[in-house]
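The values are calculated or read from the model by the stated rules, or taken from the named source; none is laboratory data. Note that the structure is predicted; figures quoted are calculated from it, not measured. Please note: Cβ atoms are built from the backbone with ideal geometry, for glycine as well, and neighbour counts cover all protein chains shown.
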Amino acid sequence: MSNIIWKIKSFEEITTSELYEIIRARVDVFVVEQNCPYPDLDGYDQKAIHLWAEQDNSVLAYCRIFDKGIKYPETSIGRVLTTEEARGKSLGKQLIQYAVETIENRFKTSEIRISAQDYLLKFYSDFGFQDTGKKYLEDNIPHTEMFRK
């Protein structure tokens, strides 16, 4: 996939067009595809660092990153997605790699806590995340809390 642009911005730096495409991608994946009506606009976007890959102004992969003490005592990564048309191109792996590097560089820590959908446990374990044994249903989807030291 050529001409993919990676962007990392605070909420204040995101343009209205970029925000529209981010929210569109989140709704397409989590609400429509996973059939999961949930409050996507949860008041945390303003506190996040937003990381995404885009091509022709469309978001292909996205996550949001939090400093310590916002979602968990540790830093965290959430709303991780790859859009349907962008899957199978290793963008998700690049996304998590960049997210981990961003946390290490900006927040000077390698400790990250995430809430992973259960089918992605192996995917995250490849990045050093470990199953904490804390399992729960979130919006009817099985999740496991994972931690990376």
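Among the residues of the stretch 1-36, those that are assigned to a loop (DSSP other than H, G, I, E, B) and surrounded by 10 or more Cβ atoms within 10 Å (Cβ to Cβ) comprise M1, I4, I14, Q34, N35, C36. Filtered by the rule that a residue be aromatic (F, W, Y), touching a strand residue (DSSP E or B) at 6+ places or on another chain (Cβ under 6 Å) and touching a residue at least 12 places away in the same chain (Cβ under 8 Å), the stretch 99-149 gives F107, Y124, F129, F147. For the stretch 25-60, the set of residues classified as farther than 21 Å from N105 by Cα and among the small types (G, A, S) consists of A25, G43, S58, listed by residue number. Residues in the stretch 119-149 that are among the small types (G, A, S) and either exposed (fewer than 13 other Cβ atoms within 10 Å of the Cβ) or in contact with a helix residue (DSSP H, G or I) (Cβ under 7 Å, 6 or more places away or on another chain) (or both): 1 in all.
Residues of the stretch 81-118 that are among the hydrophobic types (A, V, I, L, M, F, W, C), part of a helix (DSSP H, G or I) and crowded, with 19+ Cβ neighbours inside 10 Å: A86, L91, L95, I96, A99, V100, I103.
Taking the stretch 38-51 as the search range and keeping residues that are surrounded by 12 or more Cβ atoms within 10 Å (Cβ to Cβ) and not in a helix (DSSP H, G or I), which one is farthest from the chain's Cα centre (by Cα)?
Y38
A residue that is more than 15 Å from the chain's Cα centre (by Cα), over 20 Å from R26 (Cβ atoms) and modelled with pLDDT of 95 or more occurs nowhere in the stretch 52-63. Scanning the stretch 19-47 for residues that are in contact with an Asp or Glu (Cβ under 9 Å, 6 or more places away or on another chain), of a type in the set (A, V, I, L, M) and modelled with pLDDT of 95 or more turns up L19, I22, I23, V27, V29. Would you check if L81 is under 15 Å from the mean Cα position of the chain (by Cα), at pLDDT below 95 and not charged (D, E, K, R)? Considered against the rule, which asks whether it is under 15 Å from the mean Cα position of the chain (by Cα), at pLDDT below 95 and not charged (D, E, K, R), L81 comes out as no. In the stretch 71-80, which residue that is farther than 17 Å from K9 by Cα and not charged (D, E, K, R) is surrounded by the fewest Cβ atoms within 10 Å (Cβ to Cβ)? If we take residues in the stretch 71-80 being farther than 17 Å from K9 by Cα and not charged (D, E, K, R), then P73 is surrounded by the fewest Cβ atoms within 10 Å (Cβ to Cβ). Scanning the stretch 58-80 for residues that are out of contact with any Lys or Arg (no Cβ under 6 Å at 6 or more places or on another chain) and in a loop (DSSP other than H, G, I, E, B) gives D67, K68, G69, K71, P73.
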